[in-house]
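In what follows, a single structure is set out as structure tokens and then discussed.
Bear in mind these aren't lab numbers, they're just calculated from the coordinates by the rules spelled out. Fair warning: this is a prediction, and the values are worked out from it, not measured in the lab. Note that we place each Cβ from the backbone using ideal geometry, even for glycine, and neighbour counts take in every protein chain shown.
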Amino acid sequence: MGRKKTNRVILENLTVIDAGAKGKAVAKAEDGRVVFINNAIPGDVVDVQTTKKRKAYFEGNAISFSKLSDKRVEPACEHFGTCGGCKWQSMGYEHQLYYKQKEVENNLKRLGKIELPELSPILGSAEQYFYRNKMEFSFSDSKWLTLEQIKSDVIVEDKNALGFHIPGMWDKILDLNKCHLQRDPSNAIRDFVKAKAEILDIPFFNARNQTGVLRTLMIRTSTTGEVMVLIQFFKEDKNKREALLEAIKNKFSEISALLYVINGKGNDTIYDQEVLVHSGKDHIFEEMEGLTFKINAKSFYQTNSEQAYELYKITRDFAGLKGDELVFDLYTGTGTIAQFVAKNAKKVIGVEAVPDAIKAAKENAERNGITNCEFYVGDMKKVFNEQFIAIHGVADVVITDPPRDGMHADVVAQLLSLAPQKIVYVSCNSATQARDLALLDSHYKVTKVQPVDMFPQTHHVENVVLLEKRND
Ligand SMILES: C[S@@+](CC[C@H](N)C(=O)[O-])C[C@H]1O[C@@H](n2cnc3c(N)ncnc32)[C@H](O)[C@@H]1O
């Protein structure tokens, strides 16, 4: 069944039959073991170099193709295959949607083992490229070189890169030419920053040696047309920093918040750092159905604004509010869902672990003239307890939108004891959602399921479920 190559195996002539967890292609080896394959899609026939061998499965990379799937399309991006993002670009969008729908259905059926209504067809994204409103690029003085570049006699003069980490390599950065994820002026800003930094002779970061000056570039765009740019420096060199930021300001009049951080720590996260303003404001605004949301450098906001609007409309529709309900919005973030449904409810209470997000939620609600929303900070499993319910009352409807891990078992138990009429469960991970639905199944029936594609060209899928209290 296979040729040996060093201590790894080559599995020959495998037909890819499915797309599985984490977006990998799935085939069956001759011995019946499942093979999870990178860089192939359903319908391909491939030879696979294995990278992992376990009792029940293999993992590996497709190294040659004897047949290419008829589901294939030409990837739009020149960096496809090297860059870690947008791994499903070689598959037609209708097929991406088919496999996302199938993943949600499989997870709910196989992991949840619950009775399900017919799933609504997945809601595709109107924009299949350039849909992200936030991108973060890394600077590096040791850019990723292709095998041809390494082998060739031509010396690569420019070793600087501004782009994304190569998958599995923390210190190698792909120098981006054009990225298809964020709309203009994102690419123009990134290109300009790189060129100007080189003219000013500002050293790019070296993650291995922790040397250099320029660390990361974040760009946020909004549907209102505002743009935020944040540059993270490893060390302060006031003259060069100001020269670079002034040049960016003068070149791009649409930048309304030009920010920087001086971060000498071991890692790139800005969440524990002071964000300083070079020019303009420290925030931009996002707008949705007449509501405005203030977004600062550290704020969470759904990364596909247009599709977030669709997701929220489905959530509001599933909640079916008439105007006299008490609603809890668990894991509220900056309170966007809470404010979005507020005009249809008597009162909405949002809970969230991040204090800054709750501060923003309160500010946003005040600016939006919403007076029937309250927001509280805390870890859900601690805050959402008997005392919380004694103070706020029994919710008629609970909307819950937890992180990928799903809800803590204590939160599910508390939901069962609270016993609201309806629960609307928004999830970015249908596997953990299925687990939680199974825990709720004794008291709640799943009556609606609506998958939503927020991230075209990737395997990620959002899913909204309506649970209604059983009367028996
Ligand atoms: C998927 S986001 C939902 C955000 C929000 N619903 C929205 O649409 O913008 C999940 C949120 O849960 C918060 N979170 C994570 N763990 C939490 C916990 N244990 N208790 C409370 N909130 C938590 C995160 O900070 C994040 O804002």
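Using the Cα centre of the chain as origin and beta-carbon charges of +1 (Lys, Arg) and -1 (Asp, Glu), tell me which of ASN429, VAL351, LEU326 is placed farthest towards the positive end of the dipole.
ASN429
Pop a pseudo-label 7 angstrom from the Cα along the beta-carbon direction at both GLU386 and LYS235 and give the gap in nm to one decimal.
Output for this residue pair reads 5.9 nm.
For THR224, list long-range residues whose amide hydrogen, built 1.01 Å from N in the peptide plane, is under 5 Å from its own amide hydrogen.
Here the answer is GLU287, since their amide H atoms fall under 5 Å of that of THR224.
Please give the net charge around GLY225, taking every other residue with its beta carbon less than 13 angstrom from that of GLY225, where Lys and Arg add +1 and Asp and Glu add -1.
Here the count lands on -3.
Between LYS67 and THR15, 0.36 nm times their residue separation minus their Cα-Cα distance comes to what?
Taking 0.36 nm per residue and subtracting the Cα distance, the gain is 17.8 nm.
Could you compute the net charge surrounding LYS172? Neighbours are other residues with a C-beta less than 12 Å from the C-beta of LYS172; K and R count +1, D and E count -1. It would help to have the intermediate numbers written out before the result.
Details: positive: LYS143, LYS159, ARG208; negative: ASP141, ASP171, ASP175.
For residues surrounding LYS172, the net value is 0.
Once every DSSP H run of n ≥ 4 in the chain is given -39500 (n - 2.57) and the sum is divided by its residues, what mean residue ellipticity at 222 nm do you get, rounded to the nearest 500 deg cm²/dmol?
After summing the helix terms and dividing by residue count, I get -7000 deg cm²/dmol.
I'd like to know which of PRO167, HIS283, PRO403 lies farthest towards the positive end of the charge dipole of the chain, counting +1 on Cβ of Lys and Arg and -1 on Cβ of Asp and Glu.
PRO167
Taking the highest mean first, how do the peptides 419-431, 29-41 order by number of other beta carbon atoms within 10 angstrom per residue?
By packing density, highest mean first, the sequence is 419-431, 29-41.
Collect residues whose amide H, placed 1.01 Å from N in the peptide plane, falls under 5 Å from the amide H of PHE58; neighbours closer than 5 in sequence don't count.
Amide H neighbours of PHE58, under 5 Å, 5+ apart: VAL34, VAL35, PHE36.
Starting with the highest mean, order 105-115, 292-302, 329-339 by the number of other Cβ atoms within 10 Å, averaged over the residues of each peptide.
My ranking of the peptides, most packed first, is 329-339, 292-302, 105-115.
Just list whichever of LYS53/LYS87; LYS196/LYS249; LYS240/LYS298; LYS322/LYS347; LYS71/LYS102; LYS28/LYS67 have alpha carbons separated by over 18 Å in the model shown.
LYS53/LYS87; LYS240/LYS298
Can you give the % of DSSP beta bridges in the chain that are antiparallel, to the nearest 5?
Values: 66 of 101 bridges.
Antiparallel: roughly 65 percent of the beta bridges in the chain.
Using θ = phi - 60° and the Karplus form 6.51 cos²θ - 1.76 cosθ + 1.60, what ³J(HN,Hα) does each residue of the range 256-261 get, whole Hz, x for Gly and Pro?
Each residue's phi maps through the Karplus curve to give 9, 9, 10, 10, 8, 9 Hz.
Once phi is turned into θ = phi - 60°, what whole-Hz ³J(HN,Hα) does the Karplus curve with 6.51, -1.76 and 1.60 give for every residue of the range 276-283, x standing for Gly and Pro?
For the range 276-283, the Karplus-derived couplings read 10, 9, 7, 7, x, 9, 9, 8 Hz, x marking Gly and Pro.
Given the range 134-288, what percent of its DSSP beta bridges are antiparallel, to the nearest 5? If you can, show how the numbers build up before the last one.
Details: 23 of 32 bridges.
Looking only at bridges with both residues in the range 134-288, the antiparallel portion is about 70 percent.
Quick one: putting +1 on the C-beta of Lys and Arg, -1 on the C-beta of Asp and Glu, what dipole do you get for the chain around its Cα centre, in Debye to the nearest 20? Don't skip to the answer; put the middle values down first.
On the way: 63 positive and 64 negative charges, 244 e Å.
Magnitude of the dipole: close to 1180 debye.
Express the relative contact order of the chain as a whole percentage, based on alpha carbon pairs under 8 Å and six or more residues apart in sequence.
Result for the chain is 13 percent.
To the nearest Å, what is the center-to-center distance of the range 335-394 and the range 205-232, using C-alpha atoms only?
After rounding, the separation between the Cα centres reads 32 Å.
How do 342-351, 366-375 rank on mean C-beta neighbours within 10 Å, highest first?
342-351, 366-375
Percent relative contact order of the range 174-301, based on C-alpha pairs within less than 8 angstrom and at least six residues apart?
Dividing the mean separation by the residue count of the range 174-301 yields 19 percent.
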